[in-house]
Amino acid sequence: MKHEGSCHCGAIRVAMDGDPVDAGECNCSICRRTGALWTYRSPGEVEVTGTGVGYVQGDATLTLWHCGTCGVVTHWTPHDPAYDRMGINLRLFEPALWENLPRRFIDGASW
Ligand SMILES: [Zn+2]
């Protein structure tokens with residue numbers, strides 16, 4: 001099933017296939033501040049509409065995207081095109097899709 005979500009103001013829309021089975025909660029320095037809950041897809045399975053603002057910390061291997069208008073963190077994309085995975089913030093979607101999912105703790109702070 002296809003799910004569609006968006007940032008608060010609607011400038012960025014994200015559509016993805018498939019139901020998430022858990023919600024990743026990461027304790028790294030950026031995720032603990034944004035409060036994002038992550039699910040992952042192949043970039044080919046995700047459609048992002050609208051242009052966000054990218055943020056790269058240091059030599060990080062990914063770009064974290066947020067809306068330049070409302071500030072909501074929407075997704076991250078890998079820098080390595082061979083890395084077939086991107087992260088999507090489940091909080092963009094209707095709560096019924098993710099609020100009762102098991103939380104999967106990601107110890108990003110230790111990486
Ligand atoms: Zn927005």
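Structural remarks
- Close amide H contacts of Ile12 (hydrogens built in the peptide plane, cut-off under 5 Å, sequence separation of 5 or more or a different chain): Cys7.
- Solvent exposure of the chain amounts to 59 Å² per residue of accessible area, where only protein heavy atoms count and the probe is 1.4 Å.
- Fraction of accessible area attributable to carbon and sulfur, the range 1-90 (%, probe 1.4 Å): 50
- Estimated [θ] at 222 nm from DSSP helical runs (n ≥ 4, -39500 (n - 2.57)) normalised by residues in the chain, nearest 500: -1000 deg cm²/dmol
- Mean Cβ count within 10 Å, highest first, over the residues of peptides 17-26, 4-13: 4-13, 17-26
- In order along the range 80-97, phi translates into HN-Hα couplings of 7, x, 7, 7, 8, 7, 9, x, 10, 7, 4, 5, 6, 9, 4, x, 4, 6 Hz, rounded to whole numbers, per the Karplus curve 6.51 cos²θ - 1.76 cosθ + 1.60 with θ = phi - 60° and x for Gly and Pro.
- The packing ranking, built from the mean of other Cβ atoms within 10 Å per residue, places the peptides 99-109, 76-86 in the order 76-86, 99-109, highest first.
- The slack in the chain from Val53 to Asp80, taken as 0.36 nm per residue of separation less the alpha-carbon distance, amounts to 7.8 nm.
The values are calculated or read from the model by the stated rules, or taken from the named source; none is laboratory data. Because the structure is predicted, anything quoted here is derived from the model rather than measured. Note that each Cβ is placed from the backbone with ideal geometry, even for glycine, and that neighbours are counted across all protein chains shown. Heads up: the accessible areas ignore ligands, DNA and RNA and are worked out on the full protein's heavy atoms, side chains in. Shrake-Rupley method; radii C 1.70, N 1.55, O 1.52, S 1.80 Å.
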